[in-house]
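The values are calculated or read from the model by the stated rules, or taken from the named source; none is laboratory data. Because the structure is a prediction, the values reported are computed rather than measured. All Cβ positions, glycine included, derive from the backbone under ideal geometry; neighbour counts span all protein chains shown. Note: accessible area is taken over every heavy atom of the protein model, side chains too, but ligands, DNA and RNA are not part of it. Shrake-Rupley method; radii C 1.70, N 1.55, O 1.52, S 1.80 Å.
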Amino acid sequence: MTLPISHSPAEEAAEQVSRNHPVVRLKPKAEARAIRHGFPWVYADELVTDRRTQGLAPGALAILQDGERRDLGLVTVNTNSKIIARMLDRNPEAVIDQSWFEARLSRALDLRARLYAQPFYRLVHAESDGLPGIVIDRFGDVAVVQPNAAWAEAHLADLVAALIAVTGVTTVVKNGTGRSRGLEGLPEETLVLTGAVAGPIAVPMNGATYFADVTGGQKTGLFFDQRPNHAFAASLARGARVLDVFAHVGGFGLAALAGGAASTLAVDASAAALALAEQGALASGFADRFSTRQGDAFAALEALGAEGAAFEVVICDPPAFAPAKPALEAGLRAYERIARLAAPLVAPGGYLVLCSCSHAADLSSFRNACGRGIGRGGRRGQLLHTGFAGPDHPMLPQLAETGYLKSLVFRLD
């Protein structure tokens, strides 16, 4: 076993001065192997947090070393976050400038351009695309950037310049909202950084037209991650009555109508989202087969049950009930309750689609909660299909959080 090398404070200070960035170091018992094999995060209890490290500004760049002073790469540090360091580049001497961002964005764009004929997709999926804490969704000539980590905020100007140079977009919106920014100590704000946004943007997808509010809607305005799951549900919906709960701007419901559904009832708490869904139905030529009901989803499911309503396809795509581990048990109970209320609304031989975008709820836990709920709803079912996010949301194999989305399709007796 190799013992850690001891260095005097003077030697450590000299090393700090000789490098392009300050040096931060893993504790001797921290697992450096995982980082060498691609895990991109260092947790606060794994890093030596001496006075020098504590003095680093949130988002500062540093060279990460293991406990034996061997370089692991260039990281960004935020001592206010539980994820105290994020790997940016395996080269500890990398320069994070516009050219560096252009290289990362070009690689991301090459994948999406091969996948999609039209420029509507998630362009950057954070760690999976080598840009930790950064999400970019593209809507034609408009890009919405979510800088969810302190380093991204600090380098936003170079990121935006690179984005315009690589993609040719003319409008860039900063969506600075959400739980992740709060955990990084960042303020919430939404700004149009370049260009102009005239109103909701029309997005062609799965044979329907959707409308995304990129400055005032949820997240970036549209959920591209569900695209393949929308398509699978639509393949079951020909001639069917469809109930789309937590419909947002019409994701599953409009795709089902494009697939030949007889009708769709969309339920959501947001009047603004339902208005965009109605606009999409009109633009798609489905207005006569599309209706909405605004209100709490649980209450709507209970009311529909009391009314004796029945649908051949029922879809429930709720927000993250378990966004973090402390919320897991309550979140799983909520998923079970959704399944219990939705299952009785499915006509015999019909289909129930249940989704989760919770990081903390793994596939097995979510599937078990859904199974319990279906049983408590008095139904039995076959699990036909398990879906995940589309390929514009690639997974980083070493980071389970990048594979957050699950979609289960059941056929009920």
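Among the criteria (1) open to solvent by 10 Å² or more (accessible area, probe 1.4 Å); (2) under 18 Å from Gly250 (Cα atoms), the one Leu341 does not fulfil is (2).
Within the stretch 161-168, is there a residue that is at pLDDT 95 or above and farther than 19 Å from Ala113 by Cα? Yes, the stretch 161-168 contains a residue that is at pLDDT 95 or above and farther than 19 Å from Ala113 by Cα. Scan the stretch 227-239 and tell me whether some residue there is small (Gly, Ala, Ser), touching a helix residue (DSSP H, G or I) at 6+ places or on another chain (Cβ under 9 Å) and more than 12 Å from Val313 (Cα to Cα). Checked against the condition, which is being small (Gly, Ala, Ser), touching a helix residue (DSSP H, G or I) at 6+ places or on another chain (Cβ under 9 Å) and more than 12 Å from Val313 (Cα to Cα), the stretch 227-239 yields at least one hit.
Pick out the one residue from Arg69, Arg86 that is at positive phi and in contact (Cβ under 8 Å) with a residue 40 or more places away in the chain.
On inspection, the qualifying residue turns out to be Arg69.
Selection of the stretch 50-66 for residues being on the phi < 0 side of the Ramachandran plot and crowded, with 17+ Cβ neighbours inside 10 Å yields Thr53, Leu56, Pro58, Ala60, Leu61, Ala62, Ile63, Leu64, Gln65, Asp66.
Give the stretch 112-124 a look and list any residue that's surrounded by fewer than 23 Cβ atoms within 10 Å (Cβ to Cβ) and either more than 14 Å from Pro204 (Cβ to Cβ) or among the acidic types (Asp, Glu) (or both), or say none. Residues satisfying the conditions are Arg112, Ala113, Arg114, Leu115.
Filtered by the rule that a residue be of a type outside the set (Ser, Thr, Tyr) and assigned to a loop (DSSP other than H, G, I, E, B), the stretch 251-275 gives Gly259, Gly260, Ala261, Ala262, Ala269. Mind checking whether some residue in the stretch 236-250 is assigned to a helix (DSSP H, G or I) and among the small types (Gly, Ala, Ser)? Scanning the stretch 236-250 turns up no residue that is assigned to a helix (DSSP H, G or I) and among the small types (Gly, Ala, Ser). Count of the stretch 402-413 residues, restricted to those that are outside any loop (DSSP other than H, G, I, E, B) and either touching a residue at least 60 places away in the same chain (Cβ under 8 Å) or in contact with a Gly (Cβ under 6 Å, 6 or more places away or on another chain) (or both), is 6.
Taking the condition of being buried (at least 24 other Cβ atoms within 10 Å of the Cβ), of a type in the set (A, V, I, L, M), in contact (Cβ under 8 Å) with a residue 40 or more places away in the chain and in contact with a Phe, Trp or Tyr (Cβ under 8 Å, 6 or more places away or on another chain), how many residues in the stretch 247-260 meet it?
Taking the stretch 247-260 as the starting set, the residues that turn out to be buried (at least 24 other Cβ atoms within 10 Å of the Cβ) are 247-257.
Restricting the remaining residues to those that are of a type in the set (A, V, I, L, M) gives 247, 249, 254-257.
With the extra rule that they be in contact (Cβ under 8 Å) with a residue 40 or more places away in the chain, the set shrinks to 247, 254-257.
Checking the rest, the ones that are also in contact with a Phe, Trp or Tyr (Cβ under 8 Å, 6 or more places away or on another chain) come to 254, 257.
Total meeting the criteria: 2.
Within the stretch 13-25, is even one residue modelled with pLDDT under 85, charged (D, E, K, R) and in a helix (DSSP H, G or I)? Within the stretch 13-25, one or more residues are modelled with pLDDT under 85, charged (D, E, K, R) and in a helix (DSSP H, G or I). One residue stands out among those in the stretch 208-246 that are open to solvent by less than 10 Å² (accessible area, probe 1.4 Å) and aromatic (Phe, Trp, Tyr): the one that is nearest to Gln279 (Cα to Cα), which is Tyr210. Can Pro348 be described as in contact (Cβ under 8 Å) with a residue 40 or more places away in the chain, open to solvent by 10 Å² or more (accessible area, probe 1.4 Å), farther than 26 Å from Arg227 by Cβ and over 19 Å from the mean Cα position of the chain (by Cα)? Criteria met by Pro348.
Can you find a residue that is closer than 27 Å to Ala339 by Cβ, charged (D, E, K, R) and under 28 Å from the mean Cα position of the chain (by Cα) anywhere in the stretch 270-286? No, there is no match, as no residue in the stretch 270-286 is closer than 27 Å to Ala339 by Cβ, charged (D, E, K, R) and under 28 Å from the mean Cα position of the chain (by Cα). Within the stretch 159-181, can you find the residues that are over 13 Å from Ile134 (Cα atoms) and open to solvent by 50 Å² or more (accessible area, probe 1.4 Å)? Once the filter is applied, which keeps residues that are over 13 Å from Ile134 (Cα atoms) and open to solvent by 50 Å² or more (accessible area, probe 1.4 Å), the stretch 159-181 yields Ile164, Ala165, Thr170, Arg179. Out of Ala108, Ala202, Ala143, which single residue is surrounded by fewer than 19 Cβ atoms within 10 Å (Cβ to Cβ) and at pLDDT 95 or above? Ala202 is the lone residue from the list that is surrounded by fewer than 19 Cβ atoms within 10 Å (Cβ to Cβ) and at pLDDT 95 or above. Taken as a whole, the condition of being of a type in the set (A, V, I, L, M) and assigned to a strand (DSSP E or B) does not apply to Ala57.
Only one entry of Glu329, Glu336 meets the criterion of being open to solvent by 30 Å² or more (accessible area, probe 1.4 Å) and not hydrophobic (A, V, I, L, M, F, W, C), and that entry is Glu329.
The set of residues from the stretch 355-392 being assigned to a helix (DSSP H, G or I), farther than 16 Å from Pro318 by Cβ and of a type in the set (D, E, K, R) comprises Arg372, Arg376.
Counting only residues that are touching a residue at least 60 places away in the same chain (Cβ under 8 Å) and part of a loop (DSSP other than H, G, I, E, B), which one in the stretch 178-206 is nearest to the chain's Cα centre (by Cα)? Outline the logic, then answer.
Kept after step one, since they are touching a residue at least 60 places away in the same chain (Cβ under 8 Å), are these residues of the stretch 178-206: 179, 183-185, 200-205.
Now drop any that are not part of a loop (DSSP other than H, G, I, E, B), which leaves 184-185, 200.
Values: Glu184: 17, Gly185: 20, Pro200: 21 Å.
Filtering first and then ranking leaves Glu184.
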